[in-house]
Amino acid sequence: MANKRASALLSILKGLLAAAAVTLLGMALIAALVLTARLSDGVLTLLNQLLKALAVVLGVRAAVERGGNRGFFTGMTVALAYMIAGYGLYVALGGGRFEAAQMLGEMLLGAAVGGAAGAVRVNLKPKARRASARA
C-alpha cells in the first residue's frame, strides 16, 4: 500500500514539475512577444489562460500513463497543485490583489481540465512495446 502511495505522489510531482517547466518556457515566449509586438491586455490575458491550460494538460500527460489507472484523480490533483502553487507564488512575489471568486473559478476550471485530460489519458491504449532487434 505504501508503495502505491509513493508511486502516486511521485507521478503527481513529476506532472507538477512538467507543468512548471512548460509555464516558465511559455512565459519567456510571451515576454518576448510582448517586447516585439504591441499586445492588448485582453490578448495578454488570453495567452496567459491558454498557457495555464497547456501547462496543466502537459503536466497531466507527464503524470498519467496511457492505459494506466486513477487518471481523473491524478489529473485533477496535478491541476489543483499547479494552480495553488501559482497563486501562492504570485502572492509571495508581491502580486496585487485578486478576487477570491475569480481564483476559485480558475482552480475549478483547472481541476476540470486536469481531470478530463487524465481521464482521456488512461483510456488510451498503452503503447505496444517494441520487440528487441534480433541480429
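Is it the case that LEU47 is open to solvent by less than 70 Å² (accessible area, probe 1.4 Å) and more than 21 Å from GLY118 (Cβ to Cβ)?
Judged against the criteria, LEU47 is a match.
Being within 15 Å of the chain's Cα centre (by Cα) and either in a helix (DSSP H, G or I) or of a type in the set (S, T, N, Q) (or both) narrows it down to one of LEU24, LEU46, so name that one. Full working, then the answer.
On the way: LEU46 fails: within 15 Å of the chain's Cα centre (by Cα).
Just one listed residue meets the conditions, LEU24.
So which pairs qualify, if the first residue must be in the stretch 38-62 and closer than 11 Å to TYR82 by Cβ and at pLDDT 90 or above, the second must be crowded, with 17+ Cβ neighbours inside 10 Å and of a type in the set (D, E, K, R), the Cβ gap must be under 8 Å, and the two must be at least 6 apart or on different chains?
VAL60/ARG121
Whether any residue in the stretch 120-130 is assigned to a helix (DSSP H, G or I), among the β-branched types (Val, Ile, Thr) and surrounded by 14 or more Cβ atoms within 10 Å (Cβ to Cβ) is what I want to check.
Here is the first cut: in the stretch 120-130, the residues assigned to a helix (DSSP H, G or I) are 120-122.
Then keep just the ones that are among the β-branched types (Val, Ile, Thr); that gives 120, 122.
Next cut, surrounded by 14 or more Cβ atoms within 10 Å (Cβ to Cβ) only: 120, 122.
Yes, because at least one residue in the stretch 120-130 is assigned to a helix (DSSP H, G or I), among the β-branched types (Val, Ile, Thr) and surrounded by 14 or more Cβ atoms within 10 Å (Cβ to Cβ).
Looking at this structure, is ALA101 open to solvent by less than 60 Å² (accessible area, probe 1.4 Å) and not in a loop (DSSP other than H, G, I, E, B)? Give the derivation first.
Numbers: open to solvent by less than 60 Å² (accessible area, probe 1.4 Å): no; not in a loop (DSSP other than H, G, I, E, B): yes.
No.
Just the residues that are open to solvent by 70 Å² or more (accessible area, probe 1.4 Å) and either assigned to a helix (DSSP H, G or I) or under 15 Å from ALA18 (Cα atoms) (or both), please, taken from the stretch 59-98. Step through it out loud before you land on a result.
First pass over the stretch 59-98, keeping only residues open to solvent by 70 Å² or more (accessible area, probe 1.4 Å): 61, 65-66, 69-70, 72-73, 84, 89-93, 97-98.
Within the stretch 59-98, ARG61, GLU65, PHE72, PHE73, ILE84, LEU89, TYR90, VAL91, ALA92 meet the criteria.
The values are calculated or read from the model by the stated rules, or taken from the named source; none is laboratory data. Keep in mind that what you see is a predicted model, and the values were worked out from it rather than measured. Cβ atoms come from the backbone with ideal geometry, glycine included; neighbour counts cover every protein chain shown. Each accessible area value is taken on the protein alone, full model and side chains, heavy atoms only, with ligands, DNA and RNA left out. Shrake-Rupley method; radii C 1.70, N 1.55, O 1.52, S 1.80 Å.
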